[in-house]
Amino acid sequence: MFKRLIENYIFFTRWLLLPFIFMLGVGLVGMALTAANSTYHLIQMIFSENGSNIKIHLLELVDLTLISALVVIVTISIYGNFVYKINDREDLGRPAWMASVDFSQLKLNLLTTIVVISAVRLLEVFLEVPKLYDSEVYHYIALHLTLVFSRLAMAYSPKNAAKE
């Protein structure tokens, strides 16, 4: 009886993830407002400044978009995997991947998106190289390579574990 009570309690605690999921949604609204502000400044720059600043601000907008997509993937995956099964009926117009992302796929998606975000940031750094010290550029490169190798290791590890 005591064991059953503990199991029920543990199973119930999954609902405590809902406030976190809600807060991620609020953060996503904040990201949308930041992107709107960035777009407004980008439009102003198109008519007033040179092309290099436009490229940097456009890359920042790409960065915001990738981070927002990451938040959506995490939100849907956490809810679907840990809280409650998402209704995956096709007539609701939801993407096919929505109900099929398991925890290992979530980790790979997260790391892939982080590597892409890092690549975008590295591209921004390369556009600003004259303003930076060599050591700063090397640190960005080292961080990006670390993320790339981590992603490769993560992708390889399930395949390697399956062979054993």
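All of (1) modelled with pLDDT under 85; (2) not assigned by TED's automatic domain parsing to the domain that holds ARG121 hold for LEU106 with one exception: (2).
Among ILE54, ILE78, ILE73, ILE67, which is the only one that is over 24 Å from MET23 (Cα atoms), at pLDDT 75 or above, β-branched (Val, Ile, Thr) and out of contact with any Asp or Glu (no Cβ under 9 Å at 6 or more places or on another chain)? Result: ILE54 is the single residue among ILE54, ILE78, ILE73, ILE67 that is over 24 Å from MET23 (Cα atoms), at pLDDT 75 or above, β-branched (Val, Ile, Thr) and out of contact with any Asp or Glu (no Cβ under 9 Å at 6 or more places or on another chain).
Listed by first and then second residue, the pairs linking a residue in segment 1-22 that is more than 16 Å from VAL71 (Cβ to Cβ) to a residue that is in a helix (DSSP H, G or I), with Cβ atoms under 8 Å apart and 6 or more places separating them unless they lie on different chains, are ARG14/PHE82; ARG14/VAL83; TRP15/VAL83. Any residue that is modelled with pLDDT of 80 or more and under 29 Å from ILE10 (Cβ atoms) - is there at least one of those in segment 111-118? Yes - at least one qualifying residue is present in segment 111-118. Of the residues making up segment 1-35, those that are over 30 Å from LEU58 (Cβ atoms) and among the β-branched types (Val, Ile, Thr) are ILE6, ILE10, THR13, ILE21.
The values are calculated or read from the model by the stated rules, or taken from the named source; none is laboratory data. These numbers come from a predicted model, not from an experiment. Glycine also receives a Cβ, built like all others from the backbone with ideal geometry; neighbour counts cover every protein chain displayed.
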